[in-house]
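Novice: There's a structure below that I have some questions on.
The values are calculated or read from the model by the stated rules, or taken from the named source; none is laboratory data. Treat the numbers as computed from the prediction; the structure is a model and nothing was measured. Note that we place each Cβ from the backbone using ideal geometry, even for glycine, and neighbour counts take in every protein chain shown. Just so you know, the surface numbers come from the protein's heavy atoms only, side chains and all, with ligands and any DNA or RNA stripped out. Shrake-Rupley method; radii C 1.70, N 1.55, O 1.52, S 1.80 Å.
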Amino acid sequence: MKKIKRRLSEHEEFELMKLVLDKFLWLAVGLAVFGLWRVLKGAFIEGAVLVGGGILFMLLFTWIIVKEFEAMR
């Protein structure tokens, strides 16, 4: 028996993309908050690197979201 692949509507694709990217953005926020905690505990360099990594992660995924929306239109 042949399986029929079902295509997602634009709205379903958008909702799925939001769910996936939301998880990555929470990960970036968690990384930045952990870095801030490290800075406050006295490990300034390591904490600053983690905060910078979290910010870079957020900017990267923001760029991906914008690029994806432009491609959809």
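Novice: Considering only residues that are in contact (Cβ under 8 Å) with a residue 12 or more places away in the chain and over 30 Å from residue 12 (Cα atoms), look in segment 39-73 and name the one that is most open to solvent (accessible area, probe 1.4 Å).
Specialist: Pass one, segment 39-73, residues in contact (Cβ under 8 Å) with a residue 12 or more places away in the chain: 39, 47-55, 57-58, 61, 64-65, 68, 72.
Filter once more, keeping what is over 30 Å from residue 12 (Cα atoms): 39, 47-53.
Numbers: 39: 41, 47: 0, 48: 45, 49: 99, 50: 45, 51: 39, 52: 36, 53: 28 Å².
Restricting to residues being in contact (Cβ under 8 Å) with a residue 12 or more places away in the chain and over 30 Å from residue 12 (Cα atoms), the top hit is 49.
Novice: Out of everything in segment 7-32 that is over 15 Å from the mean Cα position of the chain (by Cα) and modelled with pLDDT of 80 or more, what residue ends up being most open to solvent (accessible area, probe 1.4 Å)?
Specialist: Ranking the candidates gives 7 first.
Novice: Between residues in segment 2-18 that are more than 15 Å from residue 66 (Cα to Cα) and residues that are in a helix (DSSP H, G or I), which pairs lie under 8 Å by C-beta distance while being six or more apart or on different chains?
Specialist: Going by the 8 Å Cβ cut-off, the qualifying pairs are 8/16; 10/72.
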